[in-house]
1. Can you tell me the length gained on complete extension of the stretch Lys152 to Arg97, counting 0.36 nm per residue apart and subtracting the Cα distance?
2. Per DSSP H run of at least 4 residues, take -39500 (n - 2.57); add these up for the chain, divide by its residues and hand me the 222 nm value, nearest 500 deg cm²/dmol.
3. So, in Å, what gap is there between the alpha-carbon centers of the stretch 26-49 and the stretch 95-172?
4. How would you rank Ile12, Ile123, going from fewest to most other Cβ atoms within 10 Å of each one's own Cβ?
5. Suppose the Debye formula is applied to equal point scatterers at every Cα of the stretch 26-149; what is log10 I(q)/I(0) at q = 0.13, 0.20 Å⁻¹?
6. Considering only the chain, what is the antiparallel percent among its DSSP beta bridges, to the nearest 5?
7. For labels at Asn109 and Ile12 in the simple 7 Å Cα→Cβ model, what's the distance in nm?
8. In sequence order, what are the phi-derived ³J(HN,Hα) couplings for the stretch 66-72 according to the Karplus relation 6.51 cos²θ - 1.76 cosθ + 1.60 with θ = phi - 60°, rounded to whole Hz, with x for glycine and proline?
Amino acid sequence: MRIIAGTAKGRIIKAPAGTKTRPTSDKVREAIFSTINDKVSNSLVLDLYAGSGALGLEALSRGARKAIFVDFSFAAIRAIKSNLANLHLGDYAEVKRQKAERFLGSHNNEPFNLIFIDAPYRIGLINLEAIALSALKLLDEKGLMIVEHDAKLDLAENLVIIKRKKYGQTMISYLKRDN
């Protein structure tokens, strides 16, 4: 994996050891960021279920002002911290070893402009929808949430999905708040 564009373009990103993490491919990240390009500069970003941190790192490389990376795995936290150090982006980031639900229930600071959710596919539809609904409360009025999920899952009608794009077994759903 590598950073696609921005100040860290072409630099390698390391994924956590083991098979529990399913990093977002370069192709999918490139497609996501070409879609949201105008929303990245100076944004506050949440990378939930961060894994390697690839989505948040890409946002920082492209001019996001700050990213918060949340994951519960020790291996993921080590990988994210290592990637931030290697890319010289640590000054613009916070890394939290926390369960997603706990973070979402306790964050009461500035709303996020971009939220990335790349939960493990095994989380299931009901849990993914609950996480997405909870995360939407932390999204700025004009913000965007990008959810990477199994293409077999259909997110609920009560979520405002503005775009979907399928890449093999992966679906990317773009959501906004129902203002």
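Computed from the coordinates by the stated procedures, all read-outs in this text should not be read as laboratory data. Since the structure is predicted, the reported quantities are computational estimates derived from the model, not experimental observations. Here Cβ is always computed from backbone atoms with ideal geometry, including for glycine, and neighbour counts include all displayed protein chains.
1. Values: separation 55, 0.36 × 55 = 19.80 nm, distance 2.91 nm.
Extra length available between Lys152 and Arg97 comes to 16.9 nm.
2. Values: 5 runs with 56 residues, N = 179.
Mean residue ellipticity at 222 nm (helix-derived): -9500 deg cm²/dmol.
3. If we compute the Cα centre of each part, the gap is 14 Å.
4. Least to most surrounded, the residues fall as Ile12, Ile123.
5. Ignoring solvent entirely, the Cα scatterers give -0.45, -1.16.
6. Details: 14 of 33 bridges.
Bridges in the chain are about 40 percent antiparallel.
7. Reported label-point gap for Asn109 and Ile12 is 3.2 nm.
8. 7, 10, 10, 9, 10, 7, 9
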